[in-house]
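Visitor: Below is the structure I would like to discuss, written out as structure tokens.
The values are calculated or read from the model by the stated rules, or taken from the named source; none is laboratory data. Bear in mind the structure is a predicted one, so any value in this text is a computation, not a measurement. Glycine also receives a Cβ, built like all others from the backbone with ideal geometry; neighbour counts cover every protein chain displayed. Side chains included, ligands, DNA and RNA excluded: accessible areas come from the protein's heavy atoms. Shrake-Rupley method; radii C 1.70, N 1.55, O 1.52, S 1.80 Å.
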Amino acid sequence: MTDKFDIFDGPLWLREDDNSTPFPPAGSALSDPNGLLAIGGSLTVERLLMAYKNGIFPWYNHDQPIMWWAPDPRTVLYTDELKIARSLRKTIRKNIFSVSFDRCFRDVMQACAAPRKDDNSTWIHHAMLDAYCRLHDLGYAHSVEVWHENKLVGGLYGVAIGRMYYGESMFSLVSDASKVGFAFLIRQLQSWGFTLVDCQIHTAHLQSLGARIIPRERFLSDIREYQQQQPVDSPWQLQLTRDDIL
């Protein structure tokens, strides 16, 4: 056992009371196909920011220790590669949804945590909710809200460091609601000079919106550059119109 970490079958064990020891290099996650890098630690602001700056994110169930991941390859979306399908363009043109940023962050997270029809489990439990709300209060975490008849029907949230955005989760209670929010977000990020959005894990849904996979080393190189750029003032304000999205 080392002073700061316990070594156990590949990933390293972080002490809960230690917020200063760096994570292992992301490349040391090679022993796990999904990129499990470390276990334990805490969800303090310091530890979370350290993780994101190094291309690492937490993902675990409430009855498990915290697990920290750095997948290889990584699913990302370059903001100039957003795909807006014909059906989605039609939905946006109908103007049945309104979109806002940073209006009700906690509500968006809670909606993302709600059970899905094909999965009753959630990794967005109370500890995660409180941790990301602290990041939001400090201007690091941001939400997108999609409204229909003054009701929150879709949205997403993530973490921004410099001009790098790390997407976390999205939800939709009405067809196309989350896709509309995603399209508005990506176009707004592009207008602010963001180049890359982290999507973490590949899904067909993300791929349909333009996401693709890249090697982890390229991802880590990119985020080192983009995180150094000047951040957007918080809270975020949507500046684009429907016509700008299309």
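Visitor: Among the residues of the stretch 190-232, write down those that are among the acidic types (Asp, Glu), touching a residue at least 12 places away in the same chain (Cβ under 8 Å) and out of contact with any Phe, Trp or Tyr (no Cβ under 8 Å at 6 or more places or on another chain).
Guide: Across the stretch 190-232, the qualifying residues are GLU217, ASP222.
Visitor: Anything in the stretch 130-155 that is open to solvent by 10 Å² or more (accessible area, probe 1.4 Å) and under 24 Å from PRO71 (Cα atoms)? List them, or say none.
Guide: TYR140
Visitor: Here's a follow-up. Which one is least open to solvent (accessible area, probe 1.4 Å), of the residues in the stretch 96-105 that are more than 22 Å from TYR166 (Cβ to Cβ) and not polar (S, T, N, Q)?
Guide: The extreme case among them is PHE97.
Visitor: Out of the stretch 54-95, which residues are open to solvent by less than 60 Å² (accessible area, probe 1.4 Å), farther than 23 Å from ARG216 by Cα and of a type in the set (Ser, Thr, Tyr)?
Guide: Result: THR91, single match.
Visitor: Now, a different point. What residue, among those in the stretch 182-200 that are within 14 Å of the chain's Cα centre (by Cα) and not charged (D, E, K, R), is modelled with the lowest pLDDT?
Guide: Within the stretch 182-200, the first condition is being within 14 Å of the chain's Cα centre (by Cα), and the residues that meet it are 182, 185-186, 189, 196-200.
Those still in the list that are not charged (D, E, K, R) too: 182, 185-186, 189, 196-197, 199-200.
Details: PHE182: 98, LEU185: 98, ILE186: 98, LEU189: 98, LEU196: 98, VAL197: 98, CYS199: 97, GLN200: 94.
Taking the candidates together, the pick is GLN200.
Visitor: Right, another one. Does LEU206 satisfy the criteria of being farther than 23 Å from ALA113 by Cβ and in contact with a strand residue (DSSP E or B) (Cβ under 8 Å, 6 or more places away or on another chain)?
Guide: For LEU206, the condition - farther than 23 Å from ALA113 by Cβ and in contact with a strand residue (DSSP E or B) (Cβ under 8 Å, 6 or more places away or on another chain) - is not met.
Visitor: Go over the candidates ASN34, ASN19 one by one and state the one that is open to solvent by 40 Å² or more (accessible area, probe 1.4 Å), touching a Phe, Trp or Tyr at 6+ places or on another chain (Cβ under 9 Å) and outside any helix (DSSP H, G or I). Quick ask: steps written out before the conclusion?
Guide: Numbers: ASN19 fails: touching a Phe, Trp or Tyr at 6+ places or on another chain (Cβ under 9 Å).
Going through ASN34, ASN19 in turn, just one is open to solvent by 40 Å² or more (accessible area, probe 1.4 Å), touching a Phe, Trp or Tyr at 6+ places or on another chain (Cβ under 9 Å) and outside any helix (DSSP H, G or I): ASN34.
Visitor: Additional query: Within the bounds of the stretch 220-234, is there any residue that is small (Gly, Ala, Ser) and either open to solvent by less than 40 Å² (accessible area, probe 1.4 Å) or touching a helix residue (DSSP H, G or I) at 6+ places or on another chain (Cβ under 8 Å) (or both)?
Guide: Within the stretch 220-234, none of the residues are small (Gly, Ala, Ser) and either open to solvent by less than 40 Å² (accessible area, probe 1.4 Å) or touching a helix residue (DSSP H, G or I) at 6+ places or on another chain (Cβ under 8 Å) (or both).
Visitor: Then there is this: Taking LEU43 as the residue in question, decide whether it is open to solvent by less than 20 Å² (accessible area, probe 1.4 Å), hydrophobic (A, V, I, L, M, F, W, C), over 26 Å from GLY210 (Cα atoms) and modelled with pLDDT of 95 or more.
Guide: For LEU43, the condition - open to solvent by less than 20 Å² (accessible area, probe 1.4 Å), hydrophobic (A, V, I, L, M, F, W, C), over 26 Å from GLY210 (Cα atoms) and modelled with pLDDT of 95 or more - is met.
Visitor: Being surrounded by 14 or more Cβ atoms within 10 Å (Cβ to Cβ), out of contact with any helix residue (DSSP H, G or I) (no Cβ under 6 Å at 6 or more places or on another chain) and not charged (D, E, K, R) is the filter here; which residues of the stretch 210-219 pass it?
Guide: Answer for the stretch 210-219, where residues must be surrounded by 14 or more Cβ atoms within 10 Å (Cβ to Cβ), out of contact with any helix residue (DSSP H, G or I) (no Cβ under 6 Å at 6 or more places or on another chain) and not charged (D, E, K, R): ALA211, ILE213, ILE214, PHE219.
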